[in-house]
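Let me begin by presenting the structure, written as structure tokens, before commenting on it.
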Amino acid sequence: MPDPVIPDDFATIVTDDTGGGPAVPPIVQTSLFTFESVDAFETAFRAPERHAIYTRGLNPTVRAFEEKVARLERAEESRGFASGMGAISATLLGLLKSGDKVVCVRNVYPDTYRIMTGLMARMGIEAVFVEGTDLDAVAEAMTGARMLYLESPTSITFDVLDLPRLAAIANYAGAISVIDNSWASPTFQRPIEHGVDLVIHSASKYLSGHSDTVAGIVCGRADLISEINRVAYPSLGAKLSPFDAWLLLRGMRTLPMRMRQHHRSGLSVARRLKDHPAVSETRHPGLETRNETTLSGFSGLFAFRLKGGAPAARRFCDALKLVRLGVSWGGHESLAFPAQLGLIQPGLTNPFQVFGVPDDLVRLHVGLEDPEDIWRDIEAALDQCE
Ligand SMILES: *Cc1c(COP(=O)(O)O)cnc(C)c1O
């Protein structure tokens, strides 16, 4: 089995926090910072991006997290948020205005679909959804668009997109390109190196890696981050807390090692699922042979479908013991999510229904447990649903 390719400097970036002093940076758990004189206060007010005044503006622990992710993603600037959706909403609302059009790939994260078709539509921002693998359709939809919004691989269907070409299409149309890179993490995909302008993470997933915090970040071109900081970030107020930033810094120290394990275990489980008689289809980006891809490895999240339909998917999930049932992913634990639950979720619009997600599909997150233990649990559960 080929090993994933992890950039040489990654282990150093995730472990290197400071020069001298404590090995672990402190949690600067304060809402505000005080000044000795009006002169000093004024200096801070004149350059709030460099001086800590209030934790919703700048906090040293949060800043350490922001700088680390920016280095891993090769980004000029970054801004942390209270959640992935905090980062996504501030990016969309900070860079788009009434009358603008955003072109978005199908099968994006459900709440990204919901903000585009709900709140943003209400504000007069149009969203057009296209198949991201169809480059001609994307290019055509880009006429008059201000932004191209990507996810690769896409949520639930795990379609791998051609980032260099898509970034070039956006650039040619004079639009900003944005990608949600939560699935691959910067360990396996650095979209900025392929021409994408902004990279978003739900840091609740692999960056944290321990299922103990909800957080987000956007990084990329300095002019765009500065616009998000000016227009959306302070007014929407989804600031990252110092304690959560500290948990993220701690989790990220093992990011490359965890990703290597997710890669190996995920591929090994996916290959065996593909050959199992109860399984009709396995959607894992590593099972397709592709020459040109911007992924240097694969994470532990993918999906498969059961020949026995939705009832079999339900029986399979109920029979799991080590693999637990839950939303989210990216932590140490293996998780299963039956798509039939996404299909019944109430709301304005249901993206699973709109995108036609099949009800016999199960999304699996292969965690950091022993891969043979994980497979034994899955195999035993598959026996229950034939
Ligand atoms: C979870 C997730 C989000 C949302 O992140 P939160 O931290 O839960 O707000 C966005 N994009 C993707 C791909 C996700 O999986």
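If you count only protein heavy atoms with a 1.4 Å probe, what accessible area per residue comes out for the chain, rounded to a whole Å²?
Numbers: 16450 Å² over 386 residues.
Result: 43 Å² per residue.
Using the Karplus relation 6.51 cos²θ - 1.76 cosθ + 1.60 with θ = phi - 60°, the per-residue 3J(HN,Hα) values for segment 24-36 come to 10, x, x, 8, 8, 8, 9, 7, 9, 10, 9, 10, 7 Hz, with x marking Gly and Pro. Classification of segment 245-386 by its C-alpha gyration tensor yields a rounded form. The axis ratio a/c (a ≥ b ≥ c) stays under 1.5. Compared with the direct C-alpha span, the chain from Arg324 to Asp373 gains 16.3 nm at full extension, assuming 0.36 nm per residue. If you take the beta carbon distance between Gln384 and Leu236 as r and set R0 to 41 Å, what does 1/(1 + (r/R0)^6) give as a FRET efficiency, to the nearest 0.05? It comes out at approximately 0.35. Specify the longest stretch of the chain that does not include any exposed loop site, a site being one of the trypsin sites (Lys or Arg not before Pro) with a non-H, G, I, E, B DSSP assignment and at most 12 other Cβ atoms within 10 Å. In the chain, the maximal stretch lacking such sites is 98-289.
Among the GluC sites (Glu not before Pro) in segment 62-123, those located in a DSSP loop and surrounded by at most 16 other Cβ atoms within 10 Å of their own Cβ are Glu76. Within segment 223-322, the GluC sites (Glu not before Pro) that combine a DSSP coil assignment with at most 13 other C-beta atoms in a 10 angstrom radius are Glu288, Glu292. Gain in length, Ala168 to Glu281, computed as 0.36 nm per residue apart minus the alpha-carbon separation, to one decimal in nm? Computed gain between Ala168 and Glu281 is 37.4 nm.
Label positions at Asp223 and Leu119, each projected 7 Å from the Cα along the C-beta direction, are separated by 2.7 nm.
Quick one: pull the percent of accessible area on the chain belonging to carbon and sulfur, 1.4 Å probe, ligands and nucleic acids left out.
52 percent
Of Ala168, Ala141, Ala44, the residue with the greatest mean-square motion in the GNM of the chain, using alpha carbon springs below 10 Å, is Ala44.
Identify which of Leu163, Leu135, Leu295 has the largest mean-square fluctuation in a Gaussian network model of the chain, with springs joining Cα atoms closer than 10 Å. Comparing Leu163, Leu135, Leu295 in the GNM, the peak value goes to Leu135. Classified by the C-alpha gyration tensor, segment 270-337 has an oblate form. Its axis ratio a/c, with a ≥ b ≥ c, is 1.5 or above, and a/b does not exceed b/c.
Compute the Cα gyration tensor for segment 1-123, then decide on rounded, prolate or oblate, letting a ≥ b ≥ c be the square roots of its eigenvalues: rounded whenever a/c is under 1.5, prolate when a/b is larger than b/c in the other cases, and oblate in all that remain. Judged from the Cα gyration tensor, segment 1-123 comes out oblate (a/c at least 1.5, b/c at or above a/b).
You can think of it this way: the chain between Arg315 and Ala40 has 92.5 nm of extra reach, that is 0.36 nm per residue less the Cα-Cα gap. Remark: spin-label model distance Asp17-Glu67 equals 1.3 nm, labels positioned 7 Å along the Cα→Cβ axis.
The values are calculated or read from the model by the stated rules, or taken from the named source; none is laboratory data. The shown structure was predicted, so the numbers you read here are calculated from the model rather than taken from an experiment. For neighbour counting, all protein chains shown are included, and Cβ atoms are generated from backbone atoms with ideal geometry for every residue, glycine included. The protein model used for the area step is the full one, side chains on, heavy atoms only, and it has no ligands, DNA or RNA in it. Shrake-Rupley method; radii C 1.70, N 1.55, O 1.52, S 1.80 Å.
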